[in-house]
Amino acid sequence: MTPTPPHPDDDHCPASPAEHPLPDGGAVRLTSKDIGRLVGVSQATVSNAINRPHLVAPATLAAIERVMADHGYSVNSSARALKSGIGKALGVVVLDVANPFWGEVVKGIETVTAPGRIPLIIGSSNEDAETESAIFQSFESQGVRGILVAPTPSNLPLLRRFRAKGIQVVLLDSEDPQGEFPSISLDHAAGAELAAAYLRDGGHREVALVNGSPDISWCASRSRGFHAGFAGVADARIHEISRTAMTVEEGRQSVDVLLELMKQHPPITAVFCTNDMLALGVLKGLHERGISVPGDLSVVGYDDAVFAELLSPGLTTVHQNATAIGRAAALLMTLDAAVPQAPEPLQPPHLVVRGSARSLR
């Protein structure tokens, strides 16, 4: 939608309210047209002041707001949200606010929006489409100007509707094969392939893969990349364990499944988890059962969360710069600039080798 251009009167000093009295002395409820007459500008300028204040000269905007306050004129709060377009705030939806990776992503977003210049409203979908949809609806009612989200596939139609209404949408750490939305994502398949190559070259052949839902794009990509890393190795087998969520508790519970697999097959010597929260849960479950890491079983994660190097042993994991991902996504938004800023190139994922995995050779 093309913004209504400022009225020519905007460039002139607004008239005093006393110069434009209402016929009845101001006793009736004011309309935006009345406000315009009192200030000495067009109704379109008043509309811009309410809905697109960045288009209105500061002196004119201040005069309009003063008259509105003096006469008790009120507007829809979402339309006036924080004096910007359709709202100055940005909505951010992450999968799990308890995951430090997403905290780092938000920190990256804040490097663009801070200090306090553009507020963030943050929601956690917990990988649930209905929860995510409810968060989206709440964002819409609050008049956010844009949404940064790692979406579930079923909610893409809702995001299309928001975009049609002028709400910007950028996908966080998500692939968009259709190219519908601006998106920031690293090569998840390549990162997982690095983990597979490390285990493969270390002589591991029976390995487990603990993953989240295949409906999450990077879960599918990381699974694909891990399998690709063992392609051509005739005696290699990958035993995939799917979990309903990518949390510490789900990782811990996956150890029961892992132990059953180890009874049915030749010894599984390594486990790759598609995020560090799952890996942390696996480490916890193995420790509770007296299974040594990496002596009895090697464990590799993905994300390089802030706790990874603090564990004992430290977690071998695939590093991706979460802060850079958040910053790059925020730069794709049209914020104060007339056009989005080009984000800096992201460094590809790389493997950080610590003590949780060992070579069998």
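Below, the figures for the structure above:
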quantity	calculated
Residue that is farthest from SER174 (Cα to Cα) [pool: residues in the range 107-140 that are aliphatic (A, V, I, L, M) and open to solvent by less than 20 Å² (accessible area, probe 1.4 Å)]	ILE118
Selection count, the range 257-280, where residues are over 20 Å from GLN320 (Cβ atoms), without any contact (Cβ under 8 Å) to a residue 60 or more places away in the chain and under 32 Å from the mean Cα position of the chain (by Cα)	2
Test result for ALA245, assigned to a helix (DSSP H, G or I) and touching a residue at least 24 places away in the same chain (Cβ under 8 Å)	no
Subset of the range 289-340 (residues that are over 19 Å from the mean Cα position of the chain (by Cα) and not in a loop (DSSP other than H, G, I, E, B))	SER298, VAL299, VAL300, GLY301, ALA308, GLU309, LEU310, THR316, THR317, VAL318
Among the candidates ALA134, ALA197, ALA208, residue that is small (Gly, Ala, Ser), in a helix (DSSP H, G or I) and either in contact with a Leu (Cβ under 9 Å, 6 or more places away or on another chain) or in contact (Cβ under 8 Å) with a residue 24 or more places away in the chain (or both)	ALA197
Residues that are in contact with a helix residue (DSSP H, G or I) (Cβ under 8 Å, 6 or more places away or on another chain) and among the charged types (D, E, K, R), drawn from the range 111-144	GLU132, GLU140
Residue among VAL93, VAL170, VAL144, VAL105 that alone is hydrophobic (A, V, I, L, M, F, W, C) and either without any contact (Cβ under 8 Å) to a residue 40 or more places away in the chain or in a loop (DSSP other than H, G, I, E, B) (or both)	VAL144
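A quick yes/no check of all residues on (1) crowded, with 22+ Cβ neighbours inside 10 Å; (2) modelled with pLDDT of 95 or more; (3) touching a helix residue (DSSP H, G or I) at 6+ places or on another chain (Cβ under 7 Å):
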| position | (1), (2), (3) |
| --- | --- |
| LEU158 | no, no, yes |
| ALA164 | no, no, no |
| GLY179 | no, no, no |
| ALA192 | yes, yes, yes |
| LEU199 | yes, yes, no |
| ALA220 | no, no, no |
| PHE230 | no, yes, yes |
| THR244 | no, no, yes |
| GLU250 | no, yes, yes |
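Results for (1) farther than 24 Å from ALA192 by Cβ; (2) surrounded by fewer than 19 Cβ atoms within 10 Å (Cβ to Cβ); (3) touching a helix residue (DSSP H, G or I) at 6+ places or on another chain (Cβ under 9 Å), shown as yes or no for each residue.
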residue: GLU309; (1), (2), (3): no, yes, no
residue: ILE325; (1), (2), (3): no, no, yes
residue: VAL352; (1), (2), (3): no, yes, yes
residue: ARG361; (1), (2), (3): no, yes, yes
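The values are calculated or read from the model by the stated rules, or taken from the named source; none is laboratory data. Remember, it's a predicted structure, so these values are computed and weren't measured experimentally. Using ideal geometry, Cβ is built from the backbone for each residue, glycine included, and neighbour counts are taken over all protein chains shown. Just the protein is used for accessible areas: all its heavy atoms, side chains included, with ligands, DNA and RNA removed. Shrake-Rupley method; radii C 1.70, N 1.55, O 1.52, S 1.80 Å.
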